[in-house]
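Here is the structure we will look at, set down as structure tokens.
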Amino acid sequence: MKKILSCSMLALAIGVTGCTSTNTTSGGAVGVERKQYMFSMLSEQEVNNMYAEAYAETLKEAQAQGALVSKNDKQMKRLQTVANRLVAQVGTFRPDAKNWKWEVNLVKSDEINANCGPGGKIIFYTGIIDTLQLTDDEIAAIMGHEIAHALREHGRESMSKAYGVGAASEVAGMFGVKTDSINLAQTGVNYLMTLPNSRTNENEADLIGLELSARAGYNPEAAITLWQKMNKLGGSGPEFMSTHPSNDNRIASLQATMPKVMPLYEAAKKAK
């Protein structure tokens with residue numbers, strides 16, 4: 001009974017705060033078609049602005065520590081080249097993303113980490129490039145995967161879920177309902193925000209990332225060698241692995257998707 005009641009409160013909260021159903025990207029050759037639910041009170045632009053501020057602060061701190069790598073650095077130029085080629089393909093999934101204020105930066109750090117936040121703000125750490133001895137194709141695999149998270153607005157989607165549970169607690173209080181079960185759900189959402197992306201989100205990022213890499217002329221099979229390297233790291237790669245769980249099922253899924261993207265890669269190579 002408590003479970004039914006808490007779900008009813010959440011449904012009422014959604015009605016009060018405003019929830020819209022959308023699919024942030026086109027399906028592409030890999031066919032990502034899942035409907036997503038976003039709260040209208042949390043706009044794409046608001047999330048992009050919030051992340052842009054955090055991104056700028058991260059770069060400012062890195063620069064103050066002498067860790068922000070120069071745009072003229074060889075590794076930085078590699079990243080910029082990969083980014084340019086991948087960003088040129090984002091219109092396949094969402095045309096408006098071509099107009100985002102894309103940016104890529106490299107921070108000197110042992111962290112095995114990389115990210116592309118809302119609005120197209122990309123950051124890599126030298127640790128992930130050096131430790132894994134990444135090829136350009138493998139850099140494209142990582143960057144394509146991260147760009148996919150941004151295109152699909154997985155961050156805003158997770159935040160919308162958190163807002164929804166919070167609203168449910170408020171509505172339940174208004175009706176005099178005990179919120180113990182709802183608070184447990186809210187705690188679960190809070191953990192979700194700091195633990196790995198859901199399997200659904202990760203799978204979507206894998207698929208879209210593969211297609212972006214292939215269309216940009218990078219060998220999508222590098223995604224498999226990349227995750228094989230990640231698996232070998234084990235506990236030595238906590239930053240990236242904590243938000244990007246790697247396992248045999250993931251590699252099997254990547255292998256199963258190759259027939260859909262390899263023709264795109266071959267066509268991109270011929271077009272060069």
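The values are calculated or read from the model by the stated rules, or taken from the named source; none is laboratory data. These numbers come from a predicted model, not from an experiment. In this analysis, Cβ positions are derived from the backbone assuming ideal geometry, glycine residues included, and neighbour counts consider all displayed protein chains. Heads up: the accessible areas ignore ligands, DNA and RNA and are worked out on the full protein's heavy atoms, side chains in. Shrake-Rupley method; radii C 1.70, N 1.55, O 1.52, S 1.80 Å.
Restricted to strands (runs of 3 or more DSSP E) entirely inside the range 38-155, those with at least 1 residues that are among the aromatic types (Phe, Trp, Tyr) are 121-125. The residue list GLY155, GLY166, GLY176 contains one member that is surrounded by fewer than 21 Cβ atoms within 10 Å (Cβ to Cβ), modelled with pLDDT under 95 and at positive phi, which is GLY176. Checked against (1) among the small types (Gly, Ala, Ser); (2) in contact with a strand residue (DSSP E or B) (Cβ under 9 Å, 6 or more places away or on another chain); (3) under 15 Å from LEU226 (Cβ atoms), ALA140 passes all but condition (2). The number of residues in the range 210-228 that are of a type in the set (Lys, Arg) and surrounded by fewer than 23 Cβ atoms within 10 Å (Cβ to Cβ) comes to 0.
With respect to being surrounded by 13 or more Cβ atoms within 10 Å (Cβ to Cβ) and either modelled with pLDDT of 95 or more or under 27 Å from GLU138 (Cβ atoms) (or both), VAL47 falls outside the description.
Being within 29 Å of ASN231 (Cβ to Cβ), in contact with a Pro (Cβ under 7 Å, 6 or more places away or on another chain), buried (at least 17 other Cβ atoms within 10 Å of the Cβ) and among the aliphatic types (A, V, I, L, M) is true of ALA150. Put simply, of MET76, MET38, MET1 the only residue that is over 27 Å from LEU134 (Cα atoms) and either within 17 Å of the chain's Cα centre (by Cα) or at pLDDT 95 or above (or both) is MET38.
All of (1) part of a helix (DSSP H, G or I); (2) of a type outside the set (S, T, N, Q); (3) modelled with pLDDT under 80; (4) open to solvent by 20 Å² or more (accessible area, probe 1.4 Å) hold for LEU207 with one exception: (3). For the residues ALA52, ALA83, ALA67, the requirement of being within 17 Å of ALA141 (Cβ to Cβ), small (Gly, Ala, Ser) and surrounded by 12 or more Cβ atoms within 10 Å (Cβ to Cβ) singles out ALA83. Search the range 221-252 for residues being modelled with pLDDT of 65 or more and in a loop (DSSP other than H, G, I, E, B), and hand back the single one that is farthest from the chain's Cα centre (by Cα). Ranking the qualifying residues of the range 221-252, first place goes to GLU221. Starting from the range 88-111, take each residue that is aromatic (Phe, Trp, Tyr) and list its partners that are open to solvent by 50 Å² or more (accessible area, probe 1.4 Å), counting only C-beta distances under 7 angstrom and pairs at least six apart or across chains. Note: pairs meeting the criteria are PHE93/SER26.
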